[in-house]
1. Out of the residues in region 81-102 meeting the condition of being crowded, with 16+ Cβ neighbours inside 10 Å and among the aliphatic types (A, V, I, L, M), tell me which one is nearest to Ala31 (Cα to Cα).
2. Are there strands (runs of 3 or more DSSP E) fully within region 62-119 with at least 1 residues that are at pLDDT 95 or above and more than 16 Å from Ser37 (Cβ to Cβ)? List them.
3. Return the total of residues in region 51-61 being in a loop (DSSP other than H, G, I, E, B), touching a strand residue (DSSP E or B) at 6+ places or on another chain (Cβ under 9 Å) and either open to solvent by 90 Å² or more (accessible area, probe 1.4 Å) or over 13 Å from Gly39 (Cβ atoms) (or both).
4. Determine whether Thr65 is among the polar types (S, T, N, Q), surrounded by 15 or more Cβ atoms within 10 Å (Cβ to Cβ) and without any contact (Cβ under 8 Å) to a residue 60 or more places away in the chain.
5. If Leu8 passes every condition in (1) at pLDDT below 80; (2) assigned to a loop (DSSP other than H, G, I, E, B) but one, which one does it miss?
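The values are calculated or read from the model by the stated rules, or taken from the named source; none is laboratory data. Just so we're clear, the structure is a prediction, and the values are computed from it rather than from any experiment. All Cβ positions, even for glycine, are placed from backbone atoms using ideal geometry, and neighbour counts span all protein chains on display. SASA here: full protein model, heavy atoms, side chains in, ligands and nucleic acids out. Shrake-Rupley method; radii C 1.70, N 1.55, O 1.52, S 1.80 Å.
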Amino acid sequence: MKTKTWILLIAAAAVVFLGLSIFALSPGDAADFAQISSGGTVVKTVDLRVNQQFTVTAENGGSNTVTVRDGRIAVTEADCPDHYCTNRGFCSGGTPIVCLPNRLVIRFVGEQPIDAVVG
């Protein structure tokens, strides 16, 4: 009888820990803005609520076409060899989108950063 009790307790604890880990790893709320960096320099901050498409050209001459649609962002075209960045698809938050060969990083931010304060 004691063995069954311990097995049930261990199984219940495993279920609780699994549930907590899934909750902790969830991406959370979708971001409102994305910050695009090329070569370590921020080149643009985009509002994910505004549909748009633009191209970012890297220092090495490589280029990435970035598309914003319906609150999500993706690298839709790239001339890098691995195309990992295009395979990510459309994202609205969580882990940044990265193109290592072209040194492009798209980070998600909740609010637009303040550039200046006018008094």
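1. Restricting to residues being crowded, with 16+ Cβ neighbours inside 10 Å and among the aliphatic types (A, V, I, L, M), the top hit is Ile97.
2. Fully inside region 62-119 and qualifying: 63-69, 72-78.
3. Residues flagged as in a loop (DSSP other than H, G, I, E, B), touching a strand residue (DSSP E or B) at 6+ places or on another chain (Cβ under 9 Å) and either open to solvent by 90 Å² or more (accessible area, probe 1.4 Å) or over 13 Å from Gly39 (Cβ atoms) (or both) within region 51-61 amount to 2.
4. Considered against the rule, which asks whether it is among the polar types (S, T, N, Q), surrounded by 15 or more Cβ atoms within 10 Å (Cβ to Cβ) and without any contact (Cβ under 8 Å) to a residue 60 or more places away in the chain, Thr65 comes out as yes.
5. (2)
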